[in-house]
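Notes for the one structure printed next.
The values are calculated or read from the model by the stated rules, or taken from the named source; none is laboratory data. Small disclaimer: the values here were computed from a predicted structure and weren't measured. As a convention, Cβ positions derive from the backbone with ideal geometry for all residues, glycine included, and neighbour counts pool all protein chains shown. We work out accessible area using only protein heavy atoms, side chains counted, and drop any ligands, DNA or RNA first. Shrake-Rupley method; radii C 1.70, N 1.55, O 1.52, S 1.80 Å.
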Amino acid sequence: MLLFLLLTLQTSAAVGQIDPGHCRFPLGLEDGRVKDEDISASSKWYQTTGPQFARLNREDGDGAWCPEGQLERSDSQYLQVDLKVLTFLTLVGTQGRYARGLGKEFARAYRLSYSRDGETWKPWKNRQGNAVIEGNKNTYAIVYKELHPSIIARYVRLIPVTEHSSTVCMRVELYGCPWHDGLISYSAPEGQLMMPPAYPPASLNDSIYDGTHERRPLFGGLGQLTDGVVGQDDFLLTHEKQVWSGYDYLGWRNDSLGTQGYVEMEFVFDRQRNFTSMKVHSNNLFTRGVKIFSSVSCWFKPRLIANWELEAVTFRTVLDDRNPSARYVTVPLYQRTAKALRCRFYFADVWMMFSEVSFQSGGNLPLSLLYFPAAAPSANDTTEGTNTPILIGCLVTIILLLVVIIFLILWCQCVCKVLEKAPRQILDEEVTIRLSSCSDTIIMQTPPVPPRAGHAPTGRGPRAACGGGYAEPDVTQCTPHQSFHSNAPHYAETDIIRLQGVTGSNMYAVPALTVDSLTRKDISAAEFPRQQLIFREKLGEGQFGEVHLCEAEGLPEFLGEGSPLPDRDGRPVLVAVKQLRADATLQARNDFLKEIKIMSRLDDPNIIRLLCVCVSSDPLCMVTEYMENGDLNMFLSQREIESTLTHANSIPSVSLSDLLHMAVQISSGMKYLASLNFVHRDLATRNCLVDRRLTIKIADFGMSRNLYSSDYYRIQGRAVLPIRWMAWESILLGKFTTASDVWAFGVTLWEIFTLCKEQPYSLLSDEQVIENTGEFFRNQGRQIFLYSPPLCPPSLFDLMMRCWSRNITDRPAFDGIHQSLRRHVRE
Ligand code: ADE
């Protein structure tokens with residue numbers, strides 16, 4: 001096994017980028033890895049011919065997807081597949097409706113369109129410009145079609161095409177592999193023509209570029225530089241037949257670009273990445289005036305709407321006048337973090353020609369480790385349902401799936417044991433807590449126990465009652481038998497509203513606002529015309545939706561006097577728009593509306609402000625202020641503490657007084673929430689946003705769960721808990737109160753003073769963190785605390801430690817925390 005891993009690592013290091021010849025793995029329609037909810041369609045004929053039945057080689061329902069009615073020549077009905085991640089697609093397999101011999105329908109031809117973001121759809125065309133792909137000839141045989149050029153997309157639509165009015169039905173599989181580069185577009189000057197007499201004729205343009213030619217000659221798309229086709233040593237020769245000389249290369253002539261002597265390209269990625277290197281496949285036919293670039297300088301941008309960072313990475317190549325081979329030039333990028341890169345490639349000769357550019361960034365697994373080399377079908381195959389390579393692939397898949405299932409079962413058993421350990425230890429102390437860790441509703445629950453004879457209610461109200469109510473039972477004052485024998489409801493019950501943020505399962509206690517059903521009148525935010533929201537950039541994504549940066553046309557006028565929007569001097573108003581996915585569950589939809597309701601009642605300078613909503617039609621949207629500096633975790637982790645060194649080298653920095661000011665603002669926002677009895681439940685730097693003036697606002701857009709998934713503990717693949725920020729009683733008893741928010745505030749302070757360079761308790765596994773919680777409960781001096789960050793004044797660490805007091809009543813209130821932090825700022 002080790003040998004296998006080593007070998008695959010070596011080959012992947014040698015190959016390094018996608019090889020379309022090997023990137024032909026079934027993407028999961030047939031075997032169900034693509035879920036039903038990720039297959040949709042413009043229409044279906046019956047329930048039993050819905051999009052979920054469009055799976056190749058399967059006979060469920062009535063045997064295929066069939067769009068409604070007779071398909072006409074001008075119709076554009078589609079089947080849509082969401083692959084969930086950016087994918088490099090090389091092959092499509094289609095089949096008709098066989099239905100165990102009863103079906104008659106199939107698609108003789110089809111078109112494809114695709115999208116990387118779900119918003120902008122691009123039609124696929126082959127290298128000759130034809131969009132129509134030949135489909136099936138009968139109901140049962142699979143027809144495979146190679147995609148030349150390949151597609152890089154997350155969403156794919158198959159659009160059956162017909163000459164005459166007819167009924168069509170389809171079953172489909174897509175083939176390819178994940179697009180780990182994450183590159184979603186590049187822009188560059190358009191490539192040029194090489195002309196006789198000085199040179200042989202060659203056209204060095206980007207003929208398959210799928211962006212536009214508007215703002216720059218090439219803008220917003222991908223093309224030949226990412227098609228996986230590596231150019232030959234002689235750029236006049238091509239891999240493709242029936243194309244012109246120079247086809248595989250994008251090339252520029254030095255003197256045609258003014259006197260600048262370089263070609264500037266910009267690369268935009270799906271998310272912020274930590275770049276290790278960039279590989280540029282470059283021609284070096286020096287006998288014809290072509291050489292690799294002499295040097296390259298790259299600048300980085302953490303977000304799309306941000307300035308380029310001043311510090312560039314510059315790399316000089318070793319020019320080679322002896323070997324005319326085309327080659328990959330690897331440019332080290334030193335782990336710089338960015339969402340976009342701008343690179344200037346300097347000419348070393350008259351011509352510069354690239355055929356591929358690829359990026360290596362942190363956390364990308366080499367393909368070979370993710371996919372086993374199951375033989376994938378060839379486009380010339382037309383099978384009658386039996387295909388040896390596919391069978392072998394399926395067998396290997398099944399074996400691997402079995403191994404994964406066995407592993408998961410073992411893992412689950414192990415997790416259950418760990419979770420049961422803490423309460424069992426508590427049992428030793430004659431206290432009963434039951435963990436429901438392996439049930440659907442995660443976490444730990446206090447079982448209802450009938451009152452014991454002779455135990456009258458304490459009469460001290462819910463605060464002092466031993467497990468007598470949800471609100472803060474003071475366990476420390478209970479006798480062991482009483483203490484956790486509680487009728488306290490689980491925190492996901494009764495007066496708790498579940499807010500899912502974008503990704504789901506975020507839970508808050510909001511007693512005052514609990515309602516069973518929510519109507520429009522409960523939402524005090526105004527309905528904004530959604531067509532006036534203009535999409536600019538995706539800010540984040542989660543299971544239930546996405547957050548986008550948008551321009552909001554006419555929003556100041558819409559909000560009228562007293563609008564909280566900053567003055568934009570006539571520039572467009574930017575807002576963050578959180579949008580629920582159209583196919584979100586009913587639960588997610590209700591949670592989204594409840595979150596709107598709560599947010600519409602919050603009004604504080606340190607709480608993110610809901611500006612308006614679009615809830616009269618789908619998709620539901622909430623529009624909030626846009627915070628230019630993103631979340632506090634990202635913001636701080638990219639900075640160093642201010643010093644002469646950071647000044648001299650223009651390294652982004654923050655001062656100690658900036659950090660204190662941030663802490664004051666968060667405590668102020670929390671003081672406000674506490675005054676409303678609002679329990680946040682997920683306070684952490686990832687849930688605080690920073691604007692351009694370093695104002696901090698508390699939010700929870702939930703997508704942090706995607707970006708920061710390691711901060712959450714997932715039990716049985718369902719619920720997620722930010723255990724490293726949670727008070728012991730929240731983990732063991734499911735009790736979330738303002739006092740548990742104070743605990744989380746202490747951890748947030750700790751994050752701030754470590755500049756978010758480390759996860760809390762980074763040396764402990766999730767299971768060990770839960771075990772440590774048991775130690776907090778037992779309070780025998782064996783619990784592990786977070787250490788004092790080097791930057792942190794002792795009095796501030798003392799405040800943190802008080803936030804982590806075992807007894808709820810020993811923890812400071814937000815009022816006091818706020819006052820004491822303000823004193824620190826003044827000192
Ligand atoms: N990400 C999520 N919400 C945001 C907001 N309001 N501003 C900036 N980035 C965000």
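The listed residues R811, R342 rank as R342, R811 when sorted by accessible area, largest first, using a 1.4 Å probe.
By how many nm would the segment from S765 to I641 lengthen if fully extended, with 0.36 nm per residue of separation less the alpha-carbon distance? It would help to have the intermediate numbers written out before the result.
Working: separation 124, 0.36 × 124 = 44.64 nm, distance 2.85 nm.
In short, 41.8 nm is gained.
Under 25 Å of direct C-alpha separation, and excluding same-chain neighbours fewer than eight residues apart, K291 reaches these lysines: K279.
Give the distance, in whole Å, between the Cα centre of segment 785-806 and the Cα centre of segment 138-197. The two parts, judged by their Cα centres, are 56 Å apart.
Kindly provide log₁₀ I(q)/I(0) values, in the same order as q = 0.25 Å⁻¹, from the Debye equation applied to equal alpha-carbon scatterers of segment 638-694. At q = 0.25 Å⁻¹ the computed log10 ratios are -1.07.
Restricting to Cα pairs below 8 Å that are 6+ residues apart, what does the relative contact order work out to for segment 169-243? Please round to a whole percent. All intermediate terms of the calculation are to be shown ahead of the outcome.
Details: 80 pairs, mean separation 18.5, N = 75.
Relative contact order for segment 169-243 comes out at 25 percent.
In a simple Cβ point-charge model (Lys, Arg +1; Asp, Glu -1; nothing else charged), segment 286-365 has a dipole of about 160 debye relative to its Cα centre.
List the GluC sites (Glu not before Pro) within segment 151-258 that fall in a DSSP loop (any state other than H, G, I, E or B) and whose Cβ has at most 10 other Cβ atoms within 10 Å.
Numbers: sites: E163, E173, E190, E214, E240; in loops: E163, E190, E214, E240.
Within segment 151-258, the qualifying GluC sites (Glu not before Pro) (loop, at most 10 other Cβ atoms within 10 Å) are E163, E214.
In segment 277-363 the Cα-Cα distances spread across 10 Å bins starting at 0 as 17, 46, 26, 9, 1 percent of all pairs. Taking a straight Cα-Cα cut-off under 22 Å and skipping sequence neighbours fewer than 8 places away in the same chain, the lysines within cross-link reach of K597 are K521, K578, K671, K697. Cα centroid separation, segment 528-597 to segment 19-91: 31 Å.
Computed on segment 25-73, with alpha-carbon pairs under 8 angstrom and 6+ residues apart, the relative contact order is 32 percent. Using the alpha carbons alone, the radius of gyration of segment 212-269 stands to its Kirkwood radius in an Rg to Rh ratio of 1.00.
Could you give log10 I(q)/I(0) at q = 0.12, 0.16 Å⁻¹ for segment 586-667, computed by the Debye formula over C-alpha point scatterers of equal weight, without solvent? Taken in order of the listed q values, log10 I(q)/I(0) reads -0.55, -0.78. Think of segment 38-192 as having a plus end and a minus end, set by charges on the Cβ of Lys, Arg, Asp and Glu; of S42, G191, P67, P67 sits farthest toward the positive end of this dipole. Computed on protein heavy atoms with a 1.4 Å probe, the accessible areas place Y262, Y249 in the order Y262, Y249, largest first. Here segment 46-166 is assigned +1 on the Cβ of each Lys and Arg and -1 on the Cβ of each Asp and Glu. Its dipole about the Cα centre then comes out at about 360 debye.
The convex hull defined by the C-alpha atoms of segment 715-809 has an orientation-averaged projected area of 6.5 nm². With 29 Å as the limit on Cα-Cα distance, the pairs of K339/K594; K137/K241; K301/K757 that go past it are K339/K594. The magnitude of the dipole of segment 103-212, with charges of +1 and -1 set on the Cβ of Lys/Arg and Asp/Glu and taken from the Cα centre, is near 400 debye.
When the trypsin sites (Lys or Arg not before Pro) in segment 165-244 are filtered for DSSP coil states and for at most 16 other beta-carbon atoms within 10 Å of their beta-carbon, the remaining sites are R215, K241. Geometric descriptor of segment 294-338, per residue, is 86 Å³ (volume of the convex hull of the Cα atoms).
Restricting the calculation to Cα atoms, segment 44-101 shows an Rg/Rh of 1.00 when the hydrodynamic-style radius is the Kirkwood one.
Just the number, please: carbon plus sulfur as a percent of the accessible area of segment 65-207, 1.4 Å probe, no ligands or DNA/RNA counted.
Carbon-and-sulfur percentage of accessible area, whole number: 51.
Using the empirical formula 2.2 N^0.38 Å as the baseline, the Cα radius of gyration of segment 541-593 reaches a ratio of 1.45.
Each residue of segment 91-143 gets 100 Å³ once the volume of the Cα convex hull is shared out per residue.
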